[in-house]
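The values are calculated or read from the model by the stated rules, or taken from the named source; none is laboratory data. Bear in mind the structure is a predicted one, so any value in this text is a computation, not a measurement. No Cβ is skipped: glycine too gets one built from the backbone with ideal geometry, and neighbour counts run over all protein chains shown.
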Amino acid sequence: MKKFFCIFMGIFLVMPLVLKGINENKGQKSYSDFDAQARTIVAQMTLDEKIAQLHGIRNDTAYRIVPGIPRLGIPALTVCNGPVGAGPAGPGHEGKATALPAAISLAAAWDTQAAYSYGKIAGSESVLLGNLLLESPDVNIARTPHGGRTFESFGEDPFLTSRIAVSEIKGIQSCGIIANVKHYAANNQEQNRFKINEIIGERTLREIYLPAFEASVKEGHVGSVMAAYNKVNGTYCCQNDFLLNQVLKHEWKFNGFITSDFGAVHSTIPSAKAGLDLEMPTGIYFGDSLKQAVEAGKIPVSLLDDKLIRRYRTMMRFGVWDKLHATGNIPVQKDAEIARKLGTEGVVLLKNNSGLLPLNPQTIHSIALIGPFAEQAMTGGGGSSYVNPILRISPNDGIRTIVGKNVAIQINDGMDLAKAVAMVKNADVTILILGDRQTEGRDHSISLSGNQNELAEAVLSTNPHAIVVLKTGGPILMPWIDKASAILEAWYPGEEDGNIVADVLFGIVNPSGKLPITFPKKDTDLPTQTAEQYPGINGTVHYSEDLLVGYRWYDAKRIEPLFPFGFGLSYTTFGYKDLKISKPDHAKTVIVGFTVTNTGKRAGAEVAQLYLGMPSTSNIPQPPLQLKGFQRVDLAPGQSVHVSITLNARALSYWDSLSHSWKILPGIYTVNAAASSRDIRLRGAFKLQ
């Protein structure tokens, strides 16, 4: 009887929830419902109301916002920047947030789940600050490491960038906010960015610079896309019919809306007809000028309607149409813990001679922290991505937490070389912390600024066991590298800087990051060999390196990099064996499998990479290797795991500029299971008829 009563009460309590779920599912609206609702609202709008909804406003009390229309229930669209966390917004919808590790650090983790978590923090905090759209992620390819925004994107490879972008977008949009993938397309340099004309071949555009945007639309289902400042093949991106209408909206079936970068619009009628849906931050071209064009019969009202319908149905679909603009409290410690984990995953161990790392806190009595980045946390790069950090964990803070109060820690900024060297002589452990400060708006040298190289020479000559920690937004030159025994690339770690670096230095976390961008030995090794290629001549840049971007260039030209793409050491070792390649099926799908084993004495994570060598002809040249898959695996000492990577038809395809389509070339395809682009562990091949 008692058992029957418990079952009855369980059904009694659960049934209302079940019925509620059924009713909610019945009440869920479809895309067509949102489209119909948006059309009904737009049909009730006056011309002035429509024009006012096609651009943002900026004044003393409002910025990064498209005001709503209360009489029709249209909410304001509040916009926040966000490639590295909830960044600049506007009055009433901005504030301090978690300064995440730089996006280049996220890419270095090669971890799609980490990318989802990264997006979820940026998205959820943006919502708590009162925003409905987050301008993130930045998926522009690092064509040159001199680019000022290298730190806020995902490196040099379109496949890796696509995988990270899709997961981050899903994380952002899971929070009830619209992601805004940017900058479409080929915004690859800051120098002369407002008017640079990039001459890019069709195949290069399709295989290198568009895939991450395509994946963001087709797989990430991103709600909005930002059109860039630059010109592509003679036409500004915001009025580029080929990019916006033909490719994005028609070919890729993008049903969201297209915003401009801030101040990137150069025309009214061409931009309106080319597919731009929203001008930001104000209405220089989509304000009075657009109204006059409509009244003169040069722009049909139906075109305005389409732009508004796209935005409104997207806002409805993402649940931000009826959202109250109420702010909330950011869970500071919870998000900081996640940021810390993300940061440690992205740290790359570049050198570790004689197992110098990890450090043992039990044997240390004194530590010297030397260098311009030794005192304060490096929370991020400059420009519109800057996050006002809630916390700032300095290197001293992080190390002190591990070594305790009895270890003496001295700090020196390295400006006085003699004093720095004297401190090195009196310390058990020297940690030399060097770096750069990348920012939107200008490109930069990849040589360390100031006296940092001289400082490194002096310190490493005094103590070759000094540990170098780099806080950079991308590759730098290292003329002192032969004197260094241990080097960590920590990127811009964000607000948890000190904890992230200390966790890796002392082995609390085993480093597992892999480089998402090649480090050159010298500037003249870069793919951009001429001024015509970069920074351009008379306002024009020729992408004449074609497909040979990043590691593709170094491989094709047989140039030895300082550190190759995909490279990263660990405090343990990994072995690869048992490569198996399935026969291509009718859908041109190939499955590649192999085993990875932790052959060392510490638990650790390995990023197993798969590079494909595709058939190459004089008419269809191919780079020697192209990344086509990867899998991050966590392994205990002695543990093995089977890695399986599927190559679909797209992975085997090249872009044919004659037919303007993807094609597969018959021939031999070489399969390379690797620990980096230059560390091939297993080789095999298959043939396609």
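Listing for the model above:
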quantity: Filter pass, G575 being touching a Lys or Arg at 6+ places or on another chain (Cβ under 6 Å) and surrounded by fewer than 17 Cβ atoms within 10 Å (Cβ to Cβ); calculated: no
quantity: Unique residue being of a type in the set (D, E), touching a helix residue (DSSP H, G or I) at 6+ places or on another chain (Cβ under 8 Å) and surrounded by 20 or more Cβ atoms within 10 Å (Cβ to Cβ) when the list is E545, E560; calculated: E545
quantity: Elements of type strands (runs of 3 or more DSSP E) contained in the range 420-507, each with 3 or more residues being out of contact with any Lys or Arg (no Cβ under 7 Å at 6 or more places or on another chain), hydrophobic (A, V, I, L, M, F, W, C) and at positive phi; calculated: none
quantity: I258 touching a helix residue (DSSP H, G or I) at 6+ places or on another chain (Cβ under 7 Å) and closer than 23 Å to M316 by Cβ; calculated: yes
quantity: Condition broken by T161, with the remaining ones in (1) among the hydroxyl-bearing types (S, T, Y); (2) within 15 Å of the chain's Cα centre (by Cα); (3) in a loop (DSSP other than H, G, I, E, B) satisfied; calculated: (3)
quantity: Exclusive hit being within 25 Å of F519 (Cα to Cα), surrounded by fewer than 19 Cβ atoms within 10 Å (Cβ to Cβ) and among the basic types (K, R), set R602, R650, R681; calculated: R681
quantity: First in the range 261-290 and buried (at least 23 other Cβ atoms within 10 Å of the Cβ), second anywhere and of a type in the set (F, W, Y) and outside any loop (DSSP other than H, G, I, E, B), Cβ under 6 Å, 6 or more apart; calculated: D277/F257
quantity: Restricting the range 544-575 to residues that are aromatic (F, W, Y) and not in a strand (DSSP E or B), the residue that is farthest from P623 (Cα to Cα); calculated: Y571
quantity: Boolean, A114 is in contact with a helix residue (DSSP H, G or I) (Cβ under 9 Å, 6 or more places away or on another chain) and either assigned to a helix (DSSP H, G or I) or closer than 23 Å to V633 by Cα (or both); calculated: yes
quantity: The listed residue being more than 19 Å from G593 (Cα to Cα) and either crowded, with 16+ Cβ neighbours inside 10 Å or touching a residue at least 60 places away in the same chain (Cβ under 8 Å) (or both), out of I645, I664; calculated: I664
quantity: Residue match in the range 302-318 (condition: at pLDDT 95 or above, assigned to a loop (DSSP other than H, G, I, E, B), aliphatic (A, V, I, L, M) and over 24 Å from N81 (Cα atoms)); calculated: no
quantity: Residues (more than 25 Å from the chain's Cα centre (by Cα) and surrounded by 14 or more Cβ atoms within 10 Å (Cβ to Cβ)) located in the range 326-350; calculated: T327
quantity: Evaluation of K583 against (1) modelled with pLDDT of 95 or more; (2) touching a strand residue (DSSP E or B) at 6+ places or on another chain (Cβ under 8 Å) (one fails), failing number; calculated: (1)
quantity: L432 vs. criteria buried (at least 24 other Cβ atoms within 10 Å of the Cβ) and under 28 Å from the mean Cα position of the chain (by Cα); calculated: yes
quantity: Residues satisfying the stated conditions in the range 312-344, i.e. within 21 Å of S394 (Cβ to Cβ), touching a residue at least 40 places away in the same chain (Cβ under 8 Å) and either touching a Cys at 6+ places or on another chain (Cβ under 7 Å) or among the acidic types (D, E) (or both); calculated: D335
quantity: Test: G263 is outside the structural domain of L391 (by TED's automatic domain parsing), touching a Pro at 6+ places or on another chain (Cβ under 8 Å), modelled with pLDDT of 95 or more and of a type outside the set (D, E, K, R); calculated: yes
quantity: Output for the range 581-602, where each listed residue is part of a loop (DSSP other than H, G, I, E, B) and under 16 Å from R650 (Cβ atoms); calculated: P584, D585, H586, A587, K588, T589
